[in-house]
Amino acid sequence: MLGSVLSALFVASALLSLVWTPWPATEIDIPNKLRPPNVSHWLGTDSLGRDIASQLLVGAQNSIVVGVIAV
């Protein structure tokens, strides 16, 4: 049951990223690099200023595709 719920949340986040992400996942914003989590960047930013939450949402799509191909 827990696995089903987690899988459903994972698929839902991948579907959500098709229509909405908090920031463009590949947008580089050097002045905001390595920021801690805050109101505008929920999980902070990486070394190039990209939003980590947006990258996770978009990366879920790739993970699902790889999992489906592997099965």
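A short reminder: the numbers here are calculations on the coordinates, not readings from a lab. Quick caveat: nothing in here was measured; it's all calculated off a predicted structure. Don't worry about glycine lacking a Cβ; one is built from the backbone with ideal geometry, like all the others, and counts go over all protein chains shown.
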>> If I go through segment 12-50 residue by residue, how many of them are surrounded by 12 or more Cβ atoms within 10 Å (Cβ to Cβ) and not in a loop (DSSP other than H, G, I, E, B)?
In response: 7
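Does LEU6 satisfy the criteria of being in a helix (DSSP H, G or I), surrounded by 14 or more Cβ atoms within 10 Å (Cβ to Cβ), free of Cβ contacts under 8 Å to residues at least 60 places away in the same chain and not acidic (Asp, Glu)?
Details: in a helix (DSSP H, G or I): yes; surrounded by 14 or more Cβ atoms within 10 Å (Cβ to Cβ): no; free of Cβ contacts under 8 Å to residues at least 60 places away in the same chain: yes; not acidic (Asp, Glu): yes.
Taking the combined requirement at face value, the residue does not satisfy it.
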> How many residues, within segment 53-71, are without any contact (Cβ under 8 Å) to a residue 12 or more places away in the chain and buried (at least 17 other Cβ atoms within 10 Å of the Cβ)?
Replying inline: 0
